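S.K.: Below: one structure in structure tokens.
The values are calculated or read from the model by the stated rules, or taken from the named source; none is laboratory data. Note that the structure is a prediction, hence the values are computed from the model and not measured. Backbone-built Cβ (ideal geometry, glycine too); neighbour counts: all protein chains shown.
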């Protein structure tokens, strides 16, 4: 492997061959499974699994997907049990007092739910330095960090990455627009980290007041959608802004490069795209839910379902980075609908497919008006045998307790947008 150019890449990992990367990630998987099995919250969940056998993507796909609502429920149960209190639901290998299990956490954060996340405090704990580097940040830069420092870990993700790069950070946080603009001008901030919408607010306020920010030339944004129109608006004002995709649970998942063709998956993450409502990986290019496994033994979450939709992009990034790419955020995977007083879930549609292997893809269309709902299960199949539609309709009724029509279609008929339940009803 040739050495990566330090002016273009954060490290050599970004340009290693896909085969070398895959071998390294899969070789590290068994230890991560053992770390998870050693936590009380996952010992039962992963009971009977031979960690040594989880050494391929196919084997990884046999493990259950961990949904955030399950993580929240287990944390709540752990806090309610006075005799065996565990504020982190038993999923963390670090903590405080009895939860430390050998090592204290540096911080603990609260996200909406409330859902709590530990911070191990190791070098670049959230692995955000890679995204900052791709956005143009370098050692010695002053990063104006406008993510929230209050309760949630957003600001700390960026701060730890900036520190790993050798940058200096101004902890702007949220709000106080005038004071933040004054600091940007007085200290000559090189770049911005925060949400794209707040960056726009800052720049518009600066223009209104006649304040010039000639040194602010780069930005790494996250936390919300970053449309091309806003990217171009910032570029017209001399700011090159890139986006990254991260969560409080697993840190950096993927990041944008100067090529601006999708997001490159982080070197410390294993990303799967699964059919919503299931843990089944979909073919590359098909839209599904983003499921992430990271190699963090402090908080060993295996197959965390983000609830976000995306798809794998073919080929390598033109920037020279060789890792897998995803299209970015394409919506939410939770498409549960209430039909005639009953909740219908994507997992029920997936179970219909499992019962009828002839179906390659399926989408439940809910139409009509509230209180006059109609369900049609549109299914792709290469072999529409006689009686198949009736059998599928019977399965749909058994699983949802609701009647619905079945429409059989040739392969390729359904849109590739990740929708399993398409609620088309008129409201109001």
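S.K.: Do you know which residues across the stretch 377-408 are surrounded by fewer than 17 Cβ atoms within 10 Å (Cβ to Cβ) and in a strand (DSSP E or B)?
M.R.: Listed by number, the residues that qualify are 405, 407.
S.K.: Wholly within the stretch 136-226, which strands (runs of 3 or more DSSP E) include no fewer than the required count, namely at least 1 residues that are at positive phi?
M.R.: 191-194
S.K.: Which residue pairs have Cβ atoms under 9 Å apart, sit 6 or more places apart or on different chains, and have a first residue in the stretch 166-181 that is within 20 Å of residue 220 (Cβ to Cβ) and a second that is modelled with pLDDT of 95 or more and loosely packed, with under 12 Cβ neighbours inside 10 Å?
M.R.: As it stands, the answer is 166/139; 166/140; 167/139; 167/140; 168/140; 172/179, since those pairs meet every condition given.
S.K.: Output the strands (runs of 3 or more DSSP E) that fall wholly within the stretch 294-374 and possess 3 or more residues being farther than 18 Å from residue 416 by Cα and modelled with pLDDT under 95, or say none.
M.R.: Here the list reads 337-339, 342-344, 359-369.
S.K.: Count, please, the residues in the stretch 409-428 that happen to be within 17 Å of residue 336 (Cα to Cα) and either assigned to a strand (DSSP E or B) or at pLDDT 95 or above (or both).
M.R.: Result for the stretch 409-428: 4.
S.K.: Do you know which residues across the stretch 189-203 are closer than 15 Å to residue 179 by Cα and at pLDDT below 95?
M.R.: Passing the criteria: 198, 201.
S.K.: Based on this model, can you work out whether residue 14 counts as touching a residue at least 12 places away in the same chain (Cβ under 8 Å), in a helix (DSSP H, G or I) and either under 30 Å from residue 165 (Cα atoms) or touching a strand residue (DSSP E or B) at 6+ places or on another chain (Cβ under 8 Å) (or both)?
M.R.: Here the answer is yes, as residue 14 does meet what is asked.
S.K.: Among the numbered criteria (1) over 28 Å from the mean Cα position of the chain (by Cα); (2) touching a residue at least 60 places away in the same chain (Cβ under 8 Å); (3) surrounded by 15 or more Cβ atoms within 10 Å (Cβ to Cβ), which single criterion is violated by residue 342?
M.R.: (3)
S.K.: Turning to a different aspect of this structure: If you go through the stretch 249-265 one residue at a time, do you hit one that is part of a strand (DSSP E or B), surrounded by fewer than 21 Cβ atoms within 10 Å (Cβ to Cβ) and modelled with pLDDT of 95 or more?
M.R.: No.
S.K.: Of all residues being in contact with a helix residue (DSSP H, G or I) (Cβ under 9 Å, 6 or more places away or on another chain) and more than 23 Å from residue 169 (Cα to Cα) in the stretch 207-225, which is surrounded by the fewest Cβ atoms within 10 Å (Cβ to Cβ)? Just the residue, please.
M.R.: My answer is 209.
S.K.: Which condition number does residue 118 fail, the rest of (1) surrounded by fewer than 23 Cβ atoms within 10 Å (Cβ to Cβ); (2) part of a strand (DSSP E or B) being met?
M.R.: With (1) surrounded by fewer than 23 Cβ atoms within 10 Å (Cβ to Cβ); (2) part of a strand (DSSP E or B) applied to residue 118, the lone miss is (1).
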